[in-house]
Every structure is written in structure tokens, then in C-alpha cells.
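Read the structure below first, then the notes.
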Amino acid sequence: MSALYVQRMALGQASRRLAGKPLSTLLSAIVIAIALTLPALGYVLIDNLAGLARGVSGQPEISLFLKLDATPEQTRALEAQLRADSRIAALRFVPRDAALKQLAQRGGFAEVTGLLTDNPLPDAFVIEPRSENPEAFEALRRDYAAAPQIAHLQLDSGWVERLHALIDLGRSAMLLLGGIFAAALVIVTFNTIRLQILTQRHEIAVLLLLGATRDFVRRPFLYFGALQGLLGGLLAWGSVAALLRLVAPRLEGLAQRYSIVLDIGGPHLPEVLVLLVTATVLGWLGAALSVRRHLHDGPAD
Amino acid sequence: MIRFDAVTKRYPGGQEALSGVTTEIRHGELLVLAGHSGAGKSTLLKLIAGLETPSSGSVSVNGQDIGRLKATQLPYLRRSLGLVMQEHRLLLDRSVFDNVMLPLLVTGERPQDASKRVRAALERVGMLEHERAMPVTLSGGEQQRAAIARAIVNRPSILIADEPTAHLDPAYAREIAALFRDFHAAGVTLILATHDDTLFSPYGARRIELARGKLLS
């Protein structure tokens, strides 16, 4: 008798028990799926937002707005100074006319810019520091804030930092929620197995009387818990995918109103695998705890 | 060989089911345990099967001291024994065939070999034609035969039966007794607890009697 054959036999027994009571199996799987869907959906949405934040904050920038009366010579001198600065990785000059055009192209600003008789925007340099170290960033800001040609200096990473903080908060909330729902999944499986042990206590007693080992009796229950968890995980995957299809267009539309390009995707294969493995392991754990609590060593009289 | 050495069994609450029992059961022997209800017959059988452990003294089966066996070793001892209980303990939601198959599932026998052995055991007890029947559709005698088939399907060297003919009418009881005689003739050690030891006396059984936990003869 090979170990594989023994495992196959237990798996077969567990599958037959699941198939033997389809309604009860489905109801338990739905309860598990509900417990998994919310944190999984939350995770996928937050992951999408994190991707967006990563894209935006890929390279933090500093915008140097020149004084309106800065002469072309002063502008060239500043450009030369910036190009010579080894702390700066990239430099982009945004002429005031181009800046006005960009503003006019933004939703809602065309009418406003049309009313202007003069261009109120200054020329600007946008620099990408070589280091993302906050101290180096601050040193650059301090050095150029004092330059005579510069009217205003702006760090462009502030809102991204706030977004990151929000995403971190969201992740923590989802982890907490996931933990609570994972406990619920374990409890659901624990109770299902407890009821099974109760209804099969006569069979268990007979098996122990006939020389079954504790592992022999335990194994089908463990597989049952794992399979039930896996079924719940599969249902949760379907629910997350369906809900994402439902909410993605609305969220993307909402983001577009703020000129943010949001392309919600997922759940991707690694996420699906994590979901299924987690559900299976939690089902197994619930069954193991229940078997440990309710299954006794010897056959009852 | 089975050896009881000054065995006492006390249940929680202080009730003494066996008191200083010393005896030996030789290989291939047919032993009838006689005595009234509460005499300690069932306790003695449970001690052999490792379903109970002695409070003092020792019980050894084929050289293995039951009291010293670990919980993980006891199932393997039970596999070497055939157990027939007073209440047949068949699973009512499974056919006779599936019930007799259980000990072979426990030992992980391959399905093809197991099926052959189940049919052989059913044929031996005259139940092959009922292999697909559910236990509730059988008479008391047939249920007991199915339980005996389950006990012998693993070809045990020791067969233990607790009141195997209780609740059976005389004709069925004689049939069951004849079955046990056949097993004994095939070399199986038989230990039977019964109220009605006259059923087995024609087959050369050794008789020992228990009264209030003590061995009388």
C-alpha cells in the first residue's frame, strides 16, 4: 500500500462526501466565498491604485517657476547652472506659452484661458533629482529657492505621498478585514467538520474498532475542509472578477473626471493563486482544529 | 498465545469488572467464557482487543503487552484480531458488501484484491447472495453472519465474539455456532463470551466461568 494510494483514497472519500450533499456543500462554499470576496476585492482595487501611484511617483520632480520679468539671458544662465548640477538627473524647460496651451487643454479651463488678455503663467524648469533621498531633495529645493530668477518652487510629490499614505491605510484595513474573515472561514469549516464527526460517530467508532489509525479517520475530514475551502475560493474568485467588471467602468469614469487615467485590471494569476491557496489552507486548518477537538483516540463502546 | 497475569480492571467510579484474573489461551484453542451479565466477560474480551487497559496486572497477545502498547500501535493489534460484537455494528447506510469491505479499506487493500476477499468471506458465511442488500433488510441471523464475514475478511489468527448468538432464535444460533466450529477447525483461535455455552460444548470447547469479575474454573 503506497502513501499516495492512501492519500488518493482519503481524497476520494472526501470528494464523495462533498458530492453526496450538494446543497449543504454549496451553502458552505457560498459562506466562505462571501468571507473571502470582500478582502480580495478590496485588495485588488487597492493594488490598482498603488500601481497608479507608482506610475505617477516614478520620478519625483521639482518645478522652478521663473519670475515674469526674467530676461532670456537670466533664463539661459539658470539653465546652464541647472545642467551643470550633478544632483539633477533630467531637466525640462516649459515655456510660458506652452504652459498656457497645456492649461487650456485641461477640461474646464479652455473658457477661462480664452478670457485672458495676457499670459499670466511664467516660464518654468522641471527637474528630476538624481536621488530620491528626502534630504538631497530638500537641499536642492533650498539652493534654488534662493536663486534671484526664481519666483516660486514647488515639490510635485506631495499629493503622491498622501496617496501612498492612503493606500497604506487601505492595505492595513484590508489585512485586518482579511484576518477577521479568515477566522470566520476557519470557524465555518470547524463547525462543518464538528457536525460531520457527530453524524458519523458510529462509523468512526466501527472503523477504530476494525483497526483504523487516527490518521486514517482524520485524513478524509482534512481533505474535506481543504476542498470546501478551495470551492469557496473558486466562488470568491468568480465573485471578485464579476464585481470588478461591474465597478471598473464606473471607477475609471470617475477618475477621468479628475484627469487621471485609471485602468483597473485583475485579479491576476498570482493573486488568484494566493486566494485559492489561502482558502484551501484555511479550510484545512479549520478541519484540523475540529478533528483535534472532537475526534477521540479509541473506539467508543 | 494470550496470557492474563493477575489482571484487575476497575472502571471510573470504583466498579471492579475483573479481579486478579490469571489464565492462558493457547493458539488454536476454542474458549468459551461463561457467566451471567456483569460477570466481566465483555471486559475480558475488550482487554484482549486493546479497547481497555488493565488497572493492574498484564495482558499479552502474541507476546505483546497490551498495557505497554502506544496508542499508535493499538490499531495494528486490532487488525490482527477479528471482532464480532453483540450488537453487530454494521453501518446501516452501506450494503453488506461495503460493510465487509471496511477492514480492507483500513489496511489499504487494492480494490480488485479486496473485492475478491470480500466475496470469499461472504461465501464462507453463506451471505454472497445478499452482498448488495442493506443491513436493515436482513434478519438478525443474516446481520450477524455479515458481521462475522467482516471479522474474518482480514484472515485473523484470533477471533473474538461477544455474545454472537444473543437475540437469535435457536435455529439461527445453531447456524452461527456451526460457523465458529468451522473457523476453529481451520486453525483460528476462538474466544467466545456467551450465556449459552451448551451451543459450543459439542465442539470440544474449553469453558471458563466468570462471576463478579473472578475466575471460577
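Over chain A, what is the relative contact order in whole percent, taking alpha-carbon pairs under 8 Å and six or more residues apart? This gives 30 percent for chain A.
Legend: calculated FRET efficiency, A:Gln13 to A:His268, from the Cβ-Cβ distance at R0 = 35 Å, rounded to 0.05, equals 0.50.
Under the convention that each Lys and Arg Cβ holds +1 and each Asp and Glu Cβ holds -1, the size of the dipole of the protein assembly as shown around its Cα centre is about 1620 debye.
Each of B:His36 and A:Ile34 was given a label point 7 Å from its Cα along the Cα-to-Cβ line. The distance between the two points is 6.1 nm. For trypsin sites (Lys or Arg not before Pro), the sites in the range B:1-101 that DSSP calls loop and that have at most 14 other Cβ atoms within 10 Å are B:Arg26, B:Lys70. Placing +1 on the Cβ of every Lys and Arg and -1 on the Cβ of every Asp and Glu, with nothing else charged, gives the range A:62-156 a dipole about its Cα centre of roughly 120 debye. Summary of packing: across the peptides B:96-107, B:116-127, the per-residue average of other C-beta atoms within 10 Å ranks them, highest first, as B:96-107, B:116-127. Taking every residue in B:60-72 and counting other chain Cβ atoms within 10 Å of its Cβ, the average works out to 1.
Extending 7 Å from Cα along the Cβ direction at B:Asp93 and again at A:Asp97 yields two label points whose distance is 8.6 nm. Per residue of peptide A:213-224, the mean number of Cβ atoms on other chains within 10 Å of the residue Cβ is 2.
Per-residue ellipticity at 222 nm computed for the protein assembly as shown from its helices equals -18500 deg cm²/dmol, with DSSP H segments shorter than 4 residues left out and the rest contributing -39,500 (n - 2.57). Taking Cα atoms, how many degrees apart are the long axis of helix B:170-185 and the longest axis of chain B, rounded to 10 and kept between 0 and 90? The angle comes out at about 80 degrees. Since only A:Ile150, A:Ala183, A:Gly211 are under comparison, the one whose Cα sits farthest along the positive direction of the charge dipole of the protein assembly as shown, derived from C-beta charges on Lys, Arg, Asp and Glu, is A:Gly211.
Of the trypsin sites (Lys or Arg not before Pro) found in the range B:172-217, the ones in coil according to DSSP and having at most 14 other Cβ atoms within 10 Å of their Cβ are B:Arg212. Using R0 = 45 Å, the C-beta based FRET efficiency linking A:Arg142 and A:Ala241 works out to 0.35.
With contacts taken as Cα pairs under 8 Å at a separation of at least 6 residues, the range A:8-130 carries a relative contact order of 32 percent.
Each of A:Leu163 and A:Leu4 was given a label point 7 Å from its Cα along the Cα-to-Cβ line. The distance between the two points is 5.1 nm. On full extension, the segment bounded by B:Arg68 and B:Glu24 gains 14.0 nm, given 0.36 nm per residue less the C-alpha separation.
Think of chain A as a dipole: +1 on every Lys or Arg Cβ, -1 on every Asp or Glu Cβ, centred on the Cα centre; then among A:Leu275, A:Met9, A:Ala29, A:Met9 lies furthest on the positive end. About the centre of its Cα atoms, chain A shows a dipole size close to 1620 debye [charges on the beta carbon of Lys, Arg (+1) and Asp, Glu (-1) only; nearest 20 debye]. Take chain A, connect every pair of alpha-carbon atoms lying under 10 Å apart with a spring to form a Gaussian network, then pick out the residue of A:Leu276, A:Leu244, A:Leu66 with the largest mean-square fluctuation. Greatest mean-square fluctuation among the candidates belongs to A:Leu66.
Every number here is computed from the coordinates shown, using simple stated rules; none is lab data. This one's a predicted model, so the numbers in the text were calculated from it and none came from an experiment. Here Cβ is always computed from backbone atoms with ideal geometry, including for glycine, and neighbour counts include all displayed protein chains.
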